[in-house]
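Since every read-out is calculated from the coordinates, none of them should be taken as a lab result. No experiment lies behind these values; they were computed from the predicted model shown. When we count neighbours, we look across all protein chains shown, and the Cβ atoms used for this are built from the backbone with ideal geometry, even at glycine.
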Number of protein chains: 2
Amino acid sequence: MPSSQLPDRTRPAGTDVARLAGVSQKTVSRVMNNEPYVREELRERVLRAAQQLGYRPNGAARTLTSGRTGRLGVACLGAGLYGPTSMLVAVERSARLLGYATCVAHTSPEDGHGLVGAVESLLEQGVDGIVLIEATDEGPLKLSTNVPVLTLGRFPGLVAARRIRADEHSNRSGHTATRHLIALGHRQIRHVAGPQRWWAARDRSEGWRTALVEAALPVTEPIEGDWSCASGFAAGSLLARDEAMTAVFAANDDMAIGLIRALTDAGRRVPQEVSVVAMDDLPASRYLRPALTTVARDFDAIAVDGVAALIREIAEPGTAARTVAEREPRLIVRESTAPAPGRDRRPQAD
Amino acid sequence: MPSSQLPDRTRPAGTDVARLAGVSQKTVSRVMNNEPYVREELRERVLRAAQQLGYRPNGAARTLTSGRTGRLGVACLGAGLYGPTSMLVAVERSARLLGYATCVAHTSPEDGHGLVGAVESLLEQGVDGIVLIEATDEGPLKLSTNVPVLTLGRFPGLVAARRIRADEHSNRSGHTATRHLIALGHRQIRHVAGPQRWWAARDRSEGWRTALVEAALPVTEPIEGDWSCASGFAAGSLLARDEAMTAVFAANDDMAIGLIRALTDAGRRVPQEVSVVAMDDLPASRYLRPALTTVARDFDAIAVDGVAALIREIAEPGTAARTVAEREPRLIVRESTAPAPGRDRRPQAD
DNA sequence: ACCGCTATTGACTGCGCAGTCATACGGGTC
DNA sequence: GACCCGTATGACTGCGCAGTCAATAGCGGT
């Protein structure tokens, strides 16, 4: 009885419990897995023995025989950014409620650790399914695994044997945001873009561009930021000198915050002289001054639907929908946008 | 040769590679683990065969024999909050750079899934070490495992066999923030607290209270929020009616943002009439208007030191320091604090 | 020729579990 | 009484790897 002295000195195994309970290891296994065909009396005896020894089934062994790990792997770009992080949290919660644990691998192109590397390390750890959150353009990407993959957001160029798509509406967001500005009468609408390596950033830029073209408005060169407030501030310092411009679509709220600070520092009032619309709806956005007009995604709903489909695909291959959770992004109008100041060239018309 | 047709139909095993390369499974194992005593020629032959079959070592089997998983488990409270999330990201990165994968289990007392449950699920998954980020008061807490545990932040009442502590300075932060207000001449200093179930919140409140007592200033009842902007806004709506008060310490930046909005909505200017200091240093905080004076923690340094110690403890039990990364929190003075408006009762003195 | 050593390789084994199958029992059916 | 069936239990096995140890080869020194 090696484990009767120190609980967990070397973790007790099923056979230890079996011995203590006077049953076979297989019966212990049955009890731990809630299988039928165990007398109530034995079941209780086993549970008591397990409790006494501090027995915890060994996941590795279980995985080895059953082939299932009970784990989802999440590869997530953008360590710390609001969107990816919110999605990650929502995914973890959804998975946990469905009985799955979550392994995270942040990709960081700076560390030379791209999506492939992240996925590779997850597969090596062993996961039953993979969730991909956000992607940069790393060229065509073939995942050589039969593990089902859930992609949250667009992943052009990704090839995977068993793939489920969710939330591919990212280009609508930029379109929605920009149309709001157009509807307010703005004609000179600039764009502070996210890093164009990111598909999400490109899609938002594309939405902006499309909306302008549809409205026959001039398309100017976007200013590319890196999602950070600081880059938004830098962009704002440049944009403040564009006298004709009366509105800006920033690719996320953080950049909008920096942008607005720079604009107002330069004496251009928001929204009276310049309207700003962004994306993300940070928890803080509605409490800022001015409160941000922004486009929100419903991370929770997307994660819940996506993970549910992924886990269904794991449990019963081939039965899950290939595309889920195509939610429309939602425009939230607050204080940072206002009707365009007069249609003439001078933005000071207010 | 079951796996030669479809790569990964049933994942190829080491024996498949061995057969293809004309060596023993053990040699494949040696190659995959970079062990010595393999001729260069064979090594290459094995690698080529592995490549060809798409071979990936099976983590579960490796864990079963070696007893090590290469995985760290992180139990993290406060899904989505800036502090815990930043810490989580930093931990994951540190772990990855040291060759460890990361499993996350968010605890959510609302879901009835406390710290114990989170740790339990991590242990069942199998992890080599556990990282605890933030805690609520769940009473005395005994972790019955010999897996080493790294705690980031204070965890009173936690008992674990092998524990490493990092970043237990949380009470200094509130003290530092409050002393800044005192130094500016403020006498009536209110406090918007975090939820007192959280130790971090209690510690910040304690720091505030201590600083006031040391300066012989009146200690009023804190207003308890829940870390959210909304709760800060609610607190601000109340505090705006306190004419005597000239400064507020908010337990985090988010609440400060809501607080300031409410104060200024009520006509009390920040910082001219009311100074606000908070904690976290959100990326956005320095671009707000007013930019927030706040106290920052160095998540990265704490995570790097903590995880390094944890992994050292895993590799060579007993050799790691029991306490690391005791960094002093850093006060960052910006625009939301100013000298107290005249010492008389009327705050409009500016 | 022999020893002692290092370098190289493979056979064998066991980790802890769940799948498979055999066994045993009690109660109905023909 | 032979048979079948549902229930209940355990013996045995293999998952894929790394640890152990034996076997072999080569080399320099005695």
Which aspartates and glutamates, on any chain, are close to B:Lys26 with Cα under 18 Å apart, when same-chain ones fewer than 8 places away are left out? B:Asp16, B:Glu35, B:Glu40, B:Glu41, B:Glu44
Quick one: what are the phi-derived ³J(HN,Hα) couplings along segment B:211-217, Karplus 6.51/-1.76/1.60 with θ = phi - 60°, whole Hz, x for glycine and proline? 4, 5, 4, 4, 8, 6, 9
Cα axis of helix B:299-315 to longest principal axis of chain B: angle in degrees, 0 to 90, nearest 10? 40 degrees
Expressed in angstrom and rounded, the centroid-to-centroid distance over alpha carbons for segment A:144-159 and segment A:213-240 is 31 Å
For segment A:268-350, what is the charge dipole size about the Cα centre, in debye to the nearest 20, if Lys and Arg each add +1 at the Cβ and Asp and Glu each add -1 at the Cβ? 560 debye
Cα-based reach from B:Lys142 at 17 Å (exclusive), listing aspartates and glutamates while leaving out same-chain residues under 8 positions away: A:Asp8, B:Glu120, B:Glu124, B:Glu134
If each label sits 7 angstrom from Cα along the C-beta direction, how far apart, in nm, is A:Ala230 from its counterparts in the other copies? 3.3
Using a simple spin-label model with points 7 Å from Cα along the Cα→Cβ vector, what separation in nm is obtained for B:Val213 and A:Val333? 5.4 nm
Starting at the first residue of segment A:172-183, write each ³J(HN,Hα) from the Karplus equation 6.51 cos²θ - 1.76 cosθ + 1.60 with θ = phi - 60°, in whole Hz, x for Gly and Pro. 5, 4, x, 5, 4, 4, 5, 4, 4, 5, 4, 4
How large is Rg/Rh for chain A, to two decimals, with Cα atoms and a Kirkwood Rh? 1.15
Taking a point 7 Å out from Cα toward Cβ as the label site, list the nm distances between A:Pro339 and the same residue in every other copy, smallest first. 4.6
Give the long-range amide H neighbours of B:Glu224: residues separated by 5 or more places, or on another chain, with amide H under 5 Å away, using H modelled in the peptide plane at 1.01 Å from N. B:Ala193
With +1 on the Cβ of every Lys and Arg and -1 on the Cβ of every Asp and Glu, the dipole magnitude of the protein assembly as shown about its Cα centre, in debye rounded to the nearest 20, is 1100 debye
I want the antiparallel fraction of DSSP beta bridges within segment A:234-334, as a percent rounded to 5. 35 percent
Among B:Phe155, B:Val277, A:Leu181, the residue whose Cα sits farthest towards the positive end of the charge dipole of the protein assembly as shown, when +1 is placed on the Cβ of each Lys and Arg and -1 on the Cβ of each Asp and Glu, is B:Phe155
Suppose you put the label 7 Å out from Cα in the Cβ direction; list, shortest first and in nm with one decimal, how far B:Leu47 is from each other copy's label. 5.4
Using a 10 angstrom cutoff on alpha carbons, build the Gaussian network for chain B and name the most mobile of B:Tyr55, B:Tyr37, B:Tyr82. B:Tyr37
Segment A:22-126: trypsin sites (Lys or Arg not before Pro) in DSSP coil with no more than 11 other Cβ atoms inside 10 Å: A:Arg39
With bins 10 Å wide starting at 0, give me the P(r) of segment B:14-57 over every alpha carbon pair, in whole percents. 36, 61, 4
In nm, give the distance between the simple-model label positions of B:Ser237 and A:Glu138, each being 7 Å from the Cα along the Cα-to-Cβ direction. 4.7 nm
Charges only on Cβ, +1 for Lys and Arg, -1 for Asp and Glu: so what's the dipole of chain A about the Cα centre, in debye to the nearest 20? 840 debye
Mean other chain Cβ within 10 Å across A:118-127 is 5
Add +1 for every Lys or Arg and -1 for every Asp or Glu among the other residues with Cβ under 9 Å from the Cβ of B:Ala215, and state the total. +1
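Just from its helices, what would the mean residue ellipticity at 222 nm be for chain A, if runs of 4 or more DSSP H residues each count -39500 (n - 2.57) and the sum is divided by every residue, rounded to the nearest 500 deg cm²/dmol?
Only helices count here, giving -12000 deg cm²/dmol.
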How big is the antiparallel share of DSSP beta bridges in segment B:13-120, given as a percent to the nearest 5? 10 percent
Given the convex hull of the Cα atoms of the protein assembly as shown, what is a quarter of its surface area in nm²? 34.7 nm²
